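What follows is one structure encoded as structure tokens, with my remarks underneath.
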Amino acid sequence: MEHRTRASSRRSWTLAFLVVITLFGAGGYFLRQRLRAPDAELVAGRADYARWCAPCHGEDARGGGPLAAKLERRPSDLTLIAKREGGTFRVDDLIGYIDGRAMEKLHRSREMPEWGPIFEATMAGDPDTSARARERLRSITIYLWTLQR
């Protein structure tokens, strides 16, 4: 009788072990798939960058877009933001700069548009335009963070 109990116990432990291993394996598989899938915020930021920023800053974000030659000053190389800031990428500061309204008025003219009001205007009718415009600015900023060299 004792032998059957040990065998039964061993089978139960083996079964439990296999269930745990299967769950961890499945969890790892789904986690890997999630990490490979593009983040929705990043996809949105890339799309907004391509539409609104790339004409001046270029597809590679180095300042050589098709409209760059028509500007008084060459657009910034956006792949060097962190490098210019001593290795720090300040998301909120960059959002404020892209938005344009939070910037102190400079003595020289600013050729870059104030994107916050422009994004708000493109979402007319949305009940929460300010928050949605800020989300778009954040998405662009997150995309720029992925381009840093």
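Values computed for the structure shown
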read-out: Neighbours by Cβ (under 6 Å, 6+ apart or cross-chain): first from the range 47-73, farther than 26 Å from Glu135 by Cβ; second among the hydrophobic types (A, V, I, L, M, F, W, C) and modelled with pLDDT of 95 or more; value: Ala68/Cys56
read-out: Any hit, the range 131-149, residues being farther than 16 Å from Leu42 by Cα, of a type in the set (Gly, Ala, Ser) and surrounded by 13 or more Cβ atoms within 10 Å (Cβ to Cβ); value: no
read-out: Selected residue [exposed (fewer than 15 other Cβ atoms within 10 Å of the Cβ), modelled with pLDDT of 90 or more and in contact with a helix residue (DSSP H, G or I) (Cβ under 6 Å, 6 or more places away or on another chain)] from Leu71, Leu67, Leu94, Leu78; value: Leu67
read-out: Matching residues, the range 121-148, being at pLDDT below 95 and not in a helix (DSSP H, G or I); value: Met123, Ala124, Gly125, Asp126, Pro127, Asp128
read-out: Single residue of Ile95, Ile118 found to be over 22 Å from Asp39 (Cβ atoms) and outside any loop (DSSP other than H, G, I, E, B); value: Ile118
read-out: Flag for Arg136 being of a type in the set (D, E, K, R) and touching a residue at least 60 places away in the same chain (Cβ under 8 Å); value: yes
read-out: Residue check, Ala26 surrounded by fewer than 10 Cβ atoms within 10 Å (Cβ to Cβ), among the small types (Gly, Ala, Ser) and modelled with pLDDT under 90; value: no
read-out: Any hit, the range 110-118, residues being modelled with pLDDT under 90, farther than 18 Å from Ala54 by Cβ and in the same structural domain as Gly63 (by TED's automatic domain parsing); value: yes
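The values are calculated or read from the model by the stated rules, or taken from the named source; none is laboratory data. Quick caveat, the model's predicted, so the values are computed rather than measured. For neighbour counting, all protein chains shown are included, and Cβ atoms are generated from backbone atoms with ideal geometry for every residue, glycine included.
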